[in-house]
1. Among the candidates Glu66, Glu32, which residue alone is of a type in the set (D, E, K, R) and over 10 Å from the mean Cα position of the chain (by Cα)?
2. Just to be sure I understand, how many residues within the range 45-75 are open to solvent by 70 Å² or more (accessible area, probe 1.4 Å) and either of a type in the set (A, V, I, L, M, F, W, C) or touching a residue at least 12 places away in the same chain (Cβ under 8 Å) (or both)?
3. Which ones in the range 11-24 are exposed (fewer than 14 other Cβ atoms within 10 Å of the Cβ) and touching a Lys or Arg at 6+ places or on another chain (Cβ under 8 Å)?
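The values are calculated or read from the model by the stated rules, or taken from the named source; none is laboratory data. None of the values given here were measured: they were computed from a predicted structure. Note that each Cβ is placed from the backbone with ideal geometry, even for glycine, and that neighbours are counted across all protein chains shown. Ligands, DNA and RNA are stripped out before the accessible areas are found, and what is left, the full protein with its side chains, is counted by its heavy atoms. Shrake-Rupley method; radii C 1.70, N 1.55, O 1.52, S 1.80 Å.
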Amino acid sequence: MNSIDAFVQLLRDEVGLDVGPEDLRIGLDQVEGWDSVHLLTLLTHLEKLTDRRISLLDALEAPHLEALYAVAVGR
């Protein structure tokens, strides 16, 4: 995962969310269609792409998609 744009593309293509860069800072409860299955799908793809384990606890504490990106890239 080398950019926020790649993250948005992953959300669209692999997770099935119709989101754009403007949606990354809205609360997860406001993301159209977001649910726990999307979170698990996203984490699975991110772990494969980054070749590292991602903390589920950190992911669950993320308030928005941009924070999930930060968790994935270790920021």
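1. Glu32
2. 7
3. Asp18
Residue by residue, here is whether (1) over 11 Å from the mean Cα position of the chain (by Cα); (2) open to solvent by 30 Å² or more (accessible area, probe 1.4 Å); (3) at pLDDT 95 or above holds:
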position	(1), (2), (3)
Gln9	no, yes, yes
Ile26	yes, yes, yes
Leu39	no, no, yes
Leu43	no, no, yes
